[in-house]
Number of protein chains: 2
Amino acid sequence: MGQRIGKNTILLDSKPCIISNAAVVGRKEGEGPLKDGFDAIFDDGTMGQDTWEKAESQMLRAAVETAIQKAELTAGDIQTVFSGDLLNQCIGSNFGLRELGIPFAGLYGACSTMALSLCMASLAIESGAFERVVAATSSHFCSAEKQFRYPLEYGGQRPPSAQWTVTGSGACVLGSTKGRPYIDAIHIGTIQDLGIKDGNNMGAAMAPAAKKTISDFLSDTGTSPSDYDAIVTGDIGEIGSTLLRELLMRENGIDISSVHKDCGLMIFDCKTQDVHSGGSGCGCSASVLCSEWLNGIRDGKYKNIMFAATGALMSPVSSLQGESIPGIAHGVIIRG
Amino acid sequence: MGQRIGKNTILLDSKPCIISNAAVVGRKEGEGPLKDGFDAIFDDGTMGQDTWEKAESQMLRAAVETAIQKAELTAGDIQTVFSGDLLNQCIGSNFGLRELGIPFAGLYGACSTMALSLCMASLAIESGAFERVVAATSSHFCSAEKQFRYPLEYGGQRPPSAQWTVTGSGACVLGSTKGRPYIDAIHIGTIQDLGIKDGNNMGAAMAPAAKKTISDFLSDTGTSPSDYDAIVTGDIGEIGSTLLRELLMRENGIDISSVHKDCGLMIFDCKTQDVHSGGSGCGCSASVLCSEWLNGIRDGKYKNIMFAATGALMSPVSSLQGESIPGIAHGVIIRG
């Protein structure tokens with residue numbers, strides 16, 4: 001039985017095991033600092049499809065199928081897949097998973113989706129009724145730019161605060177058997193909105209949500225930053241990271257600077273890869289978690305991480321209607 | 001501990017209690033056959049807002065707050081709300097729930113969302129870590145027409161197979177305490193796509209998903225249609241209902257005709273209210289479940305229902321790219 005502690009943290013009794021993880025990315029991500037950890041790097045961003053949306057679906061499917069293969073299972077062994085993405089009506093997941101014949105629970109958490117899918121998958125295992133489930137998500141630079149900003153052909157200028165949507169996908173097979181890495185605790189986030197309206201400054205919009213989830217998660221569990229090899233956000237980029245550290249220090253007296261890592265700053269070399277404030281998109285924290293972090297725990301490089309993925313819950317329509325950008329962050333503690 | 005039986009049915013040990021339910025709707029729904037069961041009928045579809053999307057958010061918030069009040073609780077007592085809607089990036093839920101300060105797990109199941117949110121809320125209770133959660137969803141005729149079809153001002157023609165998106169919202173407070181009505185079992189659906197491409201014939205696109213979920217759910221639980229006061233779909237309308245009954249009879253030898261009810265055919269008088277094939281939208285099955293069905297169980301009018309809500313997992317973009325319409329149906333068995 002899961003145990004609720006503090007504000008909204010669930011200590012999991014079942015300790016869902018991450019049986020396998022897979023990360024697949026596009027060419028630009030495959031040229032970045034984490035290139036050696038990905039399961040596949042697709043040089044052709046179209047994935048052989050005739051639209052960017054279909055390419056994203058293919059990429060998600062590749063991640064899910066690779067994770068299932070690495071777990072030495074087949075699609076028929078998976079009892080439910082929890083997934084979502086940034087596209088309108090989540091068509092990345094809907095069409096990517098259509099042919100697999102696996103029961104499907106659709107999620108929407110914007111760029112926080114990997115943490116949300118891990119939370120929901122963990123609750124499914126904790127309920128005692130599921131033995132093997134998949135948590136996944138994806139994003140694609142070209143489908144996201146087209147939908148949220150401008151068609152690529154327009155050649156729109158990007159301000160320095162903008163982040164670069166990662167082309168990639170991550171997937172984990174979670175199981176009820178004991179093993180490492182495992183999920184020790186989950187934290188479902190609460191919407192935070194401090195009134196930021198600039199869609200080219202998502203880091204600032206999402207930092208308050210990351211701040212709330214990290215500070216609540218730490219206080220609920222009675223842990224401090226030094227108890228973790230890393231407190232991993234995804235993806236608030238350079239501007240959001242600076243804000244997050246400042247907010248945590250000023251309002252909570254918590255200093256995470258020695259252990260804080262942001263997936264958006266890890267996947268690209270911001271200086272040479274022209275990505276401005278760093279990577280973003282559901283696929284960013286998903287592909288970084290499912291390569292560097294989870295492989296690092298498997299290899300003994302890391303023992304404990306707190307993974308807090310953030311999402312901006314706006315749409316182009318809400319922004320055009322003058323709304324600010326609500327942020328959310330969901331968290332999981334993963335141990336080796 | 002939940003028990004998995006058959007293909008994908010979970011028998012819940014905790015028997016999550018539906019502590020309260022609330023349904024709020026717009027004027028047209030308030031003129032229909034179910035008018036006496038709604039908690040609120042809003043004559044002004046704008047809800048005092050300056051856009052349809054904001055109106056939808058207000059309506060969702062009204063349903064969630066009403067359900068919480070009817071449970072004699074406050075927002076602070078709710079440990080997580082599970083919600084989603086049809087709008088791009090689920091802004092109906094994101095903005096509707098923003099000010100409530102409740103942890104939020106975003107879902108996307110198109111018009112199946114009420115069943116999906118009940119499934120996820122039930123798993124949360126079953127995990128042992130949640131005592132009080134909310135499952136909700138919404139839709140609004142004007143925001144949906146604008147986004148999926150044409151702006152209202154255009155005055156587009158609607159073919160006879162088209163369904164009318166319900167302006168409404170439903171919300172349930174679920175608790176871990178024993179009581180009636182309660183959720184006995186859940187069934188997370190699998191995507192079905194038989195190649196229907198006509199966005200004005202959603203009933204046909206979704207009927208195969210309803211067929212799979214209902215037949216699997218019945219065979220998993222070893223029950224037959226006569227064990228239920230009603231097998232409730234939402235929302236496949238007139239065309240989808242005919243197809244569903246035929247498919248179940250022909251392929252599974254199951255005759256549901258004496259107990260089958262479709263929320264899309266209940267909420268409107270199709271003959272006089274000019275809604276063609278019936279109601280649709282997340283808010284349709286949500287508002288009908290949260291009025292007629294759940295109140296009926298409370299009053300002893302019904303004892304057992306199977307609620308199977310269907311969703312069409314397409315987007316306008318996928319349709320324009322020539323894709324067919326994947327359908328999904330999630331199910332819950334509710335007993336009194």
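Of the conditions (1) out of contact with any Leu (no Cβ under 8 Å at 6 or more places or on another chain); (2) outside any helix (DSSP H, G or I), A:N295 satisfies every one except a single condition; which number is it?
(2)
Give me a count of the residues in the range B:267-303 that are surrounded by fewer than 24 Cβ atoms within 10 Å (Cβ to Cβ) and within 30 Å of B:C17 (Cβ to Cβ).
So the first thing to find is which residues in the range B:267-303 are surrounded by fewer than 24 Cβ atoms within 10 Å (Cβ to Cβ), and the list is B:269-274, B:276, B:295-303.
Filter once more, keeping what is within 30 Å of B:C17 (Cβ to Cβ): B:295-303.
Final tally of qualifying residues: 9.
Residue-wise test of (1) among the aromatic types (F, W, Y); (2) touching a Gly at 6+ places or on another chain (Cβ under 7 Å); (3) within 13 Å of chain A (Cβ to nearest Cβ).
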{"site": "B:E153", "(1), (2), (3)": "no, no, no"}
{"site": "B:T165", "(1), (2), (3)": "no, yes, no"}
{"site": "B:G168", "(1), (2), (3)": "no, yes, no"}
{"site": "B:G179", "(1), (2), (3)": "no, no, no"}
{"site": "B:Y182", "(1), (2), (3)": "yes, no, no"}
{"site": "B:K211", "(1), (2), (3)": "no, no, no"}
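Hey, can you tell me all the residues within the range B:203-217 that are in contact with a helix residue (DSSP H, G or I) (Cβ under 7 Å, 6 or more places away or on another chain), crowded, with 20+ Cβ neighbours inside 10 Å and not β-branched (V, I, T)? Walk me through it before giving the result.
Pass one, the range B:203-217, residues in contact with a helix residue (DSSP H, G or I) (Cβ under 7 Å, 6 or more places away or on another chain): B:203-204, B:206-208, B:210-211, B:214-215.
This time we only want the ones that are crowded, with 20+ Cβ neighbours inside 10 Å, so: B:203-204, B:206-208, B:210-211, B:214.
B:G203, B:A204, B:M206, B:A207, B:P208, B:A210, B:K211, listed by residue number.
Do we find that B:T223 is closer than 15 Å to B:T310 by Cα and either in contact with an Asp or Glu (Cβ under 9 Å, 6 or more places away or on another chain) or at pLDDT 95 or above (or both) in this structure?
Working: closer than 15 Å to B:T310 by Cα: no; either in contact with an Asp or Glu (Cβ under 9 Å, 6 or more places away or on another chain) or at pLDDT 95 or above (or both): yes.
In short, no.
Every residue in the range A:92-133 that is surrounded by fewer than 24 Cβ atoms within 10 Å (Cβ to Cβ) and of a type in the set (V, I, T), please.
Listed by number, the list holds a single entry, A:I102.
Considering only the range B:36-49, I want to know if a residue exists there that is surrounded by fewer than 24 Cβ atoms within 10 Å (Cβ to Cβ), within 11 Å of another protein chain (Cβ to nearest Cβ) and not aromatic (F, W, Y).
Looking through the range B:36-49, at least one residue is surrounded by fewer than 24 Cβ atoms within 10 Å (Cβ to Cβ), within 11 Å of another protein chain (Cβ to nearest Cβ) and not aromatic (F, W, Y).
Looking at the range B:103-119, which of its residues are out of contact with any helix residue (DSSP H, G or I) (no Cβ under 6 Å at 6 or more places or on another chain), under 21 Å from B:T165 (Cα atoms) and free of Cβ contacts under 8 Å to residues at least 60 places away in the same chain?
Scanning the range B:103-119 gives a single hit, B:S117.
Can you tell me which residue in the range B:139-179 is farthest from B:V317 (Cα to Cα), limited to those that are crowded, with 16+ Cβ neighbours inside 10 Å and among the charged types (D, E, K, R)? Before you say what the answer is, go through the steps one by one.
Here is the first cut: in the range B:139-179, the residues crowded, with 16+ Cβ neighbours inside 10 Å are B:139-149, B:158, B:161-176.
Still in the list and also among the charged types (D, E, K, R): B:145-146, B:149, B:158.
Working: B:E145: 15, B:K146: 14, B:R149: 11, B:R158: 20 Å.
Here the residue is B:R158.
Checking the structure you have, find out if any residue of the range A:12-24 is of a type in the set (D, E, K, R) and either within 25 Å of B:L313 (Cβ to Cβ) or surrounded by fewer than 24 Cβ atoms within 10 Å (Cβ to Cβ) (or both). Even if it seems obvious, please write down each step before you answer.
The first filter runs over the range A:12-24 and keeps only residues of a type in the set (D, E, K, R), leaving A:13, A:15.
Then keep just the ones that are either within 25 Å of B:L313 (Cβ to Cβ) or surrounded by fewer than 24 Cβ atoms within 10 Å (Cβ to Cβ) (or both); that gives A:13, A:15.
Checked against the condition, which is being of a type in the set (D, E, K, R) and either within 25 Å of B:L313 (Cβ to Cβ) or surrounded by fewer than 24 Cβ atoms within 10 Å (Cβ to Cβ) (or both), the range A:12-24 yields at least one hit.
Please specify each residue of the range B:27-75 satisfying the condition of being in a helix (DSSP H, G or I), touching a Cys at 6+ places or on another chain (Cβ under 8 Å) and under 28 Å from B:C270 (Cβ atoms).
Initial filter on the range B:27-75 (in a helix (DSSP H, G or I)): B:27-30, B:35-37, B:52-70, B:75.
Those left that are additionally touching a Cys at 6+ places or on another chain (Cβ under 8 Å): B:52, B:55, B:63, B:67.
Correct list: B:W52, B:A55, B:A63.
Filter the range B:224-237 for residues that are of a type in the set (S, T, Y) and touching a helix residue (DSSP H, G or I) at 6+ places or on another chain (Cβ under 8 Å) and give the result. Show your work before the answer.
To start, the set of residues in the range B:224-237 that are of a type in the set (S, T, Y) comprises B:224, B:226, B:228, B:233.
Correct list: B:S224, B:T233.
Considering A:A67, A:A63, A:A75, which residue is more than 9 Å from chain B (Cβ to nearest Cβ), of a type in the set (G, A, S), in contact with a Gly (Cβ under 9 Å, 6 or more places away or on another chain) and surrounded by fewer than 24 Cβ atoms within 10 Å (Cβ to Cβ)?
Details: A:A67 fails: surrounded by fewer than 24 Cβ atoms within 10 Å (Cβ to Cβ); A:A63 fails: surrounded by fewer than 24 Cβ atoms within 10 Å (Cβ to Cβ).
Step by step, each of A:A67, A:A63, A:A75 is checked, and only A:A75 is more than 9 Å from chain B (Cβ to nearest Cβ), of a type in the set (G, A, S), in contact with a Gly (Cβ under 9 Å, 6 or more places away or on another chain) and surrounded by fewer than 24 Cβ atoms within 10 Å (Cβ to Cβ).
One residue is enough: does the range B:217-232 have a residue meeting the conditions over 27 Å from B:S138 (Cα atoms), of a type in the set (D, E) and assigned by TED's automatic domain parsing to the domain that holds B:C282? Explain how you work it out, then say what you get.
To start, the set of residues in the range B:217-232 that are over 27 Å from B:S138 (Cα atoms) comprises B:218-227.
Filter once more, keeping what is of a type in the set (D, E): B:220, B:227.
When the remaining residues are screened for being assigned by TED's automatic domain parsing to the domain that holds B:C282, the result is B:220, B:227.
Yes - at least one qualifying residue is present in the range B:217-232.
Given the options B:M314, B:M306, name the one that is buried (at least 24 other Cβ atoms within 10 Å of the Cβ) and assigned to a loop (DSSP other than H, G, I, E, B).
On the way: B:M306 fails: assigned to a loop (DSSP other than H, G, I, E, B).
Of B:M314, B:M306, the one residue that is buried (at least 24 other Cβ atoms within 10 Å of the Cβ) and assigned to a loop (DSSP other than H, G, I, E, B) is B:M314.
What residue, among those in the range A:120-151 that are in contact (Cβ under 8 Å) with a residue 60 or more places away in the chain and of a type in the set (A, V, I, L, M), is nearest to the other protein chains (Cβ to nearest Cβ)?
Looking only at the range A:120-151, we keep the residues that are in contact (Cβ under 8 Å) with a residue 60 or more places away in the chain, and these are A:121-123, A:125-126, A:128, A:132, A:134, A:136-144, A:146-148.
Then keep just the ones that are of a type in the set (A, V, I, L, M); that gives A:121, A:123, A:125, A:134, A:136, A:144.
Numbers: A:A121: 10, A:L123: 5, A:I125: 9, A:V134: 12, A:A136: 14, A:A144: 12 Å.
Once the filter is applied, the top-ranked residue is A:L123.
The values are calculated or read from the model by the stated rules, or taken from the named source; none is laboratory data. Keep in mind the model is a prediction, meaning the values are calculated, not measured. Glycine also receives a Cβ, built like all others from the backbone with ideal geometry; neighbour counts cover every protein chain displayed.
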